[in-house]
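I have placed the structure first, in the form of structure tokens, so that the comments after it can refer back to it.
The values are calculated or read from the model by the stated rules, or taken from the named source; none is laboratory data. All values derive from a computational prediction rather than experimental measurement. Every residue, glycine as well, gets a Cβ built from its backbone with ideal geometry; the counts of neighbours run over all protein chains shown. Protein only, heavy atoms only, side chains kept; ligands, DNA and RNA dropped before computing areas. Shrake-Rupley method; radii C 1.70, N 1.55, O 1.52, S 1.80 Å.
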Amino acid sequence: MADEETIRIYDDKADDYAKRFAADAPSGSLSKFMSHLPAGANVLDWGCGPAASSFHLKAAGFNPDPVDASPEMVAIANDRFGLSARVGTFDDPVPEKRYQGVWANFSLLHAPRRDLPSHLTKLNNALLAEGVFHIGMKRGKGESRDRFGRFYTYYETTELTGLLEDAGFEIMHQTEGEEAGLAGSVDPFVLILSRKI
């Protein structure tokens, strides 16, 4: 089930989050993801936040489908970017064989560890043949809450790649690094680009 406290915090801090992560150009990881998409691709932006990535996807000629559990984030996405973002959680159904790409950038880290395998399988089913999947997660072990109270699940890179392979994905590229998030702490992360087998 979606963590109501995490959603409430994102609602409260939606404007701060949108300002902190605003970008005039796509990130390197988004550019790499887009380079593997066919022209006009349908892309599920799962846990889109204020949907800056969907804005860049749309500007590049793709057809983003931004979804987030925070109504305030969805309101920002629609008001600022003119997107048809909608409210939804990871537990909601996802259409099968609908998308050429799925972008889940630092969103699935809010799902409980026990639920991630089924979420990954659902996303694999949502992709068309050879569809591409980007996931960004914080590295580490266990589950905890940050200083705001948001729920996080942490993964070591080898654990995450194993889960992706079990769900029917082939790893194409992975990058590790560190970055300061909304809470101010500098945390290690991993970005993985994979393809549906």
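Overview of values
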| item | result |
| --- | --- |
| Reciprocal of mean inverse Cα separation for the chain (Kirkwood radius, Å) | 16.6 Å |
| Percent of beta bridges antiparallel (DSSP, the chain, rounded to nearest 5) | 55 percent |
| Charge dipole magnitude, Cβ of K and R +1, D and E -1 - the chain, Cα centre, debye nearest 20 | 300 debye |
| Greater than 18 Å apart at Cα, pairs in K58/K122; K13/K138; K97/K196 | K58/K122; K13/K138 |
| Accessible area of the chain belonging to carbon and sulfur atoms, whole % at 1.4 Å probe | 49 percent |
| Distance between modelled label sites at D24 and E4, nm, 7 Å Cα→Cβ extension | 4.3 nm |
| Average accessible area per residue (Å²) across the chain - probe 1.4 Å, nucleic acids and ligands excluded | 46 Å² |
| Value at 222 nm in deg cm²/dmol, rounded to 500, when DSSP H runs of n ≥ 4 in the chain each add -39,500 (n - 2.57) | -9000 deg cm²/dmol |
| Cβ-defined net charge surrounding S70, 9 Å radius [Lys, Arg +1; Asp, Glu -1] | -2 |
